[in-house]
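S.K.: Next up is a structure, given as structure tokens.
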Amino acid sequence: MRDDLDKQLCEKYPLIFRDRHANMQVTAMCWGIGVGDGWYNIIDVLCGHLYNEYWSTKSRYDSIKDKVDQPTYGFKPDGDPVGKIITQELIDEAKAKMEEEAAKVPVASQVKEKFGGLRFYVNAATDKHYNYISFAESMSYRTCEECGAPGKRYTDGWHTTLCDIHAAMNGREEQYESDEGDE
Ligand SMILES: [Zn+2]
């Protein structure tokens with residue numbers, strides 16, 4: 001993947017790509033996000049889903065963290081408080097919840113192409129996270145790895161998922177269509 005796109009993903013999802021520049025003895029992420037630019041959106045949407053719970057607990061925390069002893073929804077013009085008063089305890093609880101969710105965000109250990117499909121390996125994840133990953137990997141078999149247009153998997157010689165234009169540019173011939181890759 002192009003350096004600037006790789007960087008964008010790492011900056012948007014630092015928890016997932018926290019090992020991006022770690023030592024090669026620790027992670028395969030040091031080699032970068034090893035797929036074509038055409039799968040950028042698939043990875044972006046996947047990471048957004050993996051971040052979902054964390055982001056919602058973070059926005060909750062951010063919305064109250066500087067408002068100790070203030071009402072949840074501010075004040076009416078006549079000065080009456082709206083909502084309940086935010087206590088330090090409530091703020092601490094929101095922070096703990098956010099940190100708990102941050103710890104559950106999966107950390108990518110390798111992102112690569114194999115047999116024409118995306119492989120998104122993580123250190124650990126919940127069943128829900130694995131379902132998102134599996135969906136993203138399935139979508140890659142229908143998405144041109146070069147440009148992101150609808151594509152199919154070509155299997156003449158080596159496996160690649162391409163749109164009609166990039167298949168023609170690369171002189172690829174369709175041998176059979178398949179939705180799923182070989183493991
Ligand atoms: Zn294409």
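What follows is calculated from the coordinates using simple rules that are stated; it is not laboratory data. What you see is a predicted model; the values in this text were computed from it and never measured.
S.K.: Tell me, what ³J(HN,Hα) does each residue in segment 29-42 have, in order and in whole Hz, if you take phi through Karplus 6.51 cos²θ - 1.76 cosθ + 1.60 with θ = phi - 60° and put x for Gly and Pro?
M.R.: Rounded to whole hertz, the list is 5, 4, 7, x, 7, x, 9, x, 4, x, 9, 3, 5, 4.
S.K.: By how many degrees, between 0 and 90 and to the nearest 10, does the Cα long axis of helix 127-140 differ from the longest principal axis of the chain?
M.R.: The two axes meet at around 40 degrees.
S.K.: Roughly how many whole Å is it from the C-alpha centroid of segment 10-26 to that of segment 107-150?
M.R.: Between the Cα centre of segment 10-26 and that of segment 107-150, the gap is 17 Å.
S.K.: In addition: Starting from the amide H of Lys114, placed 1.01 Å from N in the peptide plane, find each other amide H under 5 Å away whose residue is 5 or more places distant or on another chain.
M.R.: Here Arg119 satisfy the definition.
S.K.: Let me ask another. For segment 90-134, what relative contact order do you get, as a whole percent, if you take Cα pairs closer than 8 Å and at least 6 residues apart? Could the numbers behind the result be given before it?
M.R.: Numbers: 32 pairs, mean separation 13.2, N = 45.
Value for segment 90-134: 29 percent.
S.K.: May I pose another question? Would you pull out the residues with amide H under 5 Å of Thr143's amide H, same chain only if 5 or more places away, H placed 1.01 Å from N?
M.R.: Gly151
S.K.: Tell me which residues come under 5 Å, amide H to amide H, from Ser109 once H is placed; ignore anything under 5 positions away on its chain.
M.R.: For Ser109, the qualifying residues are Tyr121, Val122, Asn123.
S.K.: At a threshold of 8 angstrom on Cα-Cα distance, excluding pairs fewer than six apart, so keeping six or more, what relative contact order does the chain reach in percent? Could you put the intermediate results ahead of the total?
M.R.: Numbers: 292 pairs, mean separation 37.9, N = 183.
Relative CO of the chain lands at 21 percent.
S.K.: For the chain, state the semi-axes of the equivalent ellipsoid (square roots of 5 times the eigenvalues of the alpha-carbon gyration tensor), sorted largest first and rounded to whole angstrom.
M.R.: Values for the chain, descending: 43, 18, 14 Å.
S.K.: Per 0.36 nm of contour for each residue apart, how much would the distance between Asp127 and Ala149 grow if the chain were fully extended, relative to their Cα-Cα spacing? Display every interim value, and only then the final one.
M.R.: Values: separation 22, 0.36 × 22 = 7.92 nm, distance 2.92 nm.
Between Asp127 and Ala149, full extension yields 5.0 nm more.
S.K.: Under the 0.36 nm per residue contour assumption, what length would be gained going from the current alpha-carbon distance of Met139 and Arg18 to full extension? Before the final figure, lay out each step's value.
M.R.: Numbers: separation 121, 0.36 × 121 = 43.56 nm, distance 2.47 nm.
Gain on stretching Met139 to Arg18: 41.1 nm.
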